[in-house]
Every structure is written in C-alpha cells, then in structure tokens.
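A short reminder: the numbers here are calculations on the coordinates, not readings from a lab. Everything numeric here is computed off the predicted structure, so don't read it as measured data. Ideal geometry is used to build each Cβ from the backbone, glycine not excepted, and the neighbour counts take in all protein chains shown.
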C-alpha cells in the first residue's frame, strides 16, 4: 500500500535529521510549512530548547501564506536570532523541497545576516 505525502515528508525529514544536529555554537533553523502558515524555529538540540521562533500567524506578518509572507517570517526569525546573539545556524528544511516558500524564508534569513 502506498503511503501518504505527509509520511513521505516525515521519512525524508528523519533521513536529514540523522546528519543535521544543532549545537550551542550553531543551532538548527527548522522550518515547518502547513497549508495556511509557515513556522521557523532556531533550536539548540543539545539542550532541547527553542531559542528563537517566528511564524506567519503573528500580528506583524498576519497575511495569507505566500512567498512574500515566508520571506517576512525569514527576516523576522533572522533579526530575532541576531538579537539573541546567534550569527550562524544549520538549515533544516524539514523534508520539504528547497523551493518556493522554504527557499524564500532561507534567503530572507541570509539577507538579515544569518550564516548557513
């Protein structure tokens, strides 16, 4: 029996997570994309804590999910990370293709000054 798209994405994500690990020096920038919103978190996997987070549900963004909205979330998480003293991260695309909204979020975070 064939699996669902969600299961396939989770398998891809587990495969990536075997190699990608966020440390206190370089935390992991994790992206989750739903049909309505996009979320980004900067996570220290050693302590299991979320250091910085941003989503398209926030009042500052508050628009339907488009590439432009994803870019705004990327800028927001990038500025919050810089304010928290984080300059370098490891990008975790969450099993999604590096295209469209995920790519826009990553490039906007790079424009603000995050290195990955």
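A few notes on this one:
- Choice from 62, 22, 74 showing the highest fluctuation, given a GNM over the chain with Cα pairs closer than 10 Å: 62
- Antiparallel DSSP beta bridges within segment 27-116, percent to nearest 5: 75
- Among 99-107, 37-45, the order from most to least packed when residues are scored by Cβ within 10 Å on average: 37-45, 99-107
- Three principal axis lengths of the chain [C-alpha, angstrom, descending]: 48, 34, 20
- The chain, relative contact order [Cα under 8 Å, separation at least 6], %: 28
- Between residue 99 and residue 36, residue separation times 0.36 nm minus the direct Cα-Cα distance comes to 21.0 nm.
- Model label zone, residue 8; criterion: amide N under 15 Å from point 7 Å along Cα-to-beta-carbon; scope segment 92-113: 95-98
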